[in-house]
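> Just dropping this structure here.
What follows is calculated from the coordinates using simple rules that are stated; it is not laboratory data. The shown structure was predicted, so the numbers you read here are calculated from the model rather than taken from an experiment. Positions of Cβ are generated from backbone atoms using ideal geometry, with glycine treated the same way; all protein chains shown enter the neighbour counts.
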Amino acid sequence: MVINIIINNFVVLGHLAMYICSCRALTDKDVGNAIRSGADRPSAVYESCGCKPDCGRCVNRIVNMLKEHKKDAVSA
């Protein structure tokens with residue numbers, strides 16, 4: 001089932017983005033795109049997204065996403 005939702009005048013199709021970094025408004029889609037584009041550490045994710053970390057609370061989640069991606073790549 002595809003979910004179509006309008007949030008702040010944006011239509012979100014099928015996947016509601018989850019904020020990973022509230023300081024820089026980075027979503028799981030942003031971070032995932034950066035990782036799939038070759039980012040291999042949090043600083044590279046931030047650089048790919050065109051920003052720098054602020055408070056740093058999101059770093060652990062980004063590291064976990066990097067580990068998940070690496071694990072998925074190894075098992076594929």
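> Determine, for LEU16, LEU66, LEU26, the number of other Cβ atoms within 10 Å of each Cβ, and report the residues in order from fewest to most.
LEU16, LEU66, LEU26
> What's the exposure ranking of ASP28, ASP40, ASP72, going from fewest to most Cβ atoms within 10 Å? Show your work: numbers first, answer last.
On the way: ASP28 16, ASP40 12, ASP72 9.
In increasing order of surrounding Cβ atoms, one gets ASP72, ASP40, ASP28.
> Sum up the charges of everything whose Cβ sits under 11 Å from the Cβ of ILE20, counting Lys and Arg as +1 and Asp and Glu as -1, but leave ILE20 out.
+2
> Please rank ARG36, ARG61, fewest neighbouring Cβ atoms within 10 Å first, as an exposure proxy.
Sorted ascending by nearby Cβ count, the order is ARG36, ARG61.
> OK, next. Taking amide H positions as placed in the peptide plane 1.01 Å from N, state which residues far from ILE20 in sequence (5 or more) or on other chains have amide H under 5 Å from it.
Under 5 Å from the amide H of ILE20 lie the amide H atoms of LEU26, THR27, ASP28, each far enough along the sequence or on another chain.
> Any chance you could list P(r) for the range 18-75, counting all Cα-Cα pairs in 10 angstrom bins from zero, rounded to whole %?
Pairs per bin, as whole percents: 26, 61, 12, 1.
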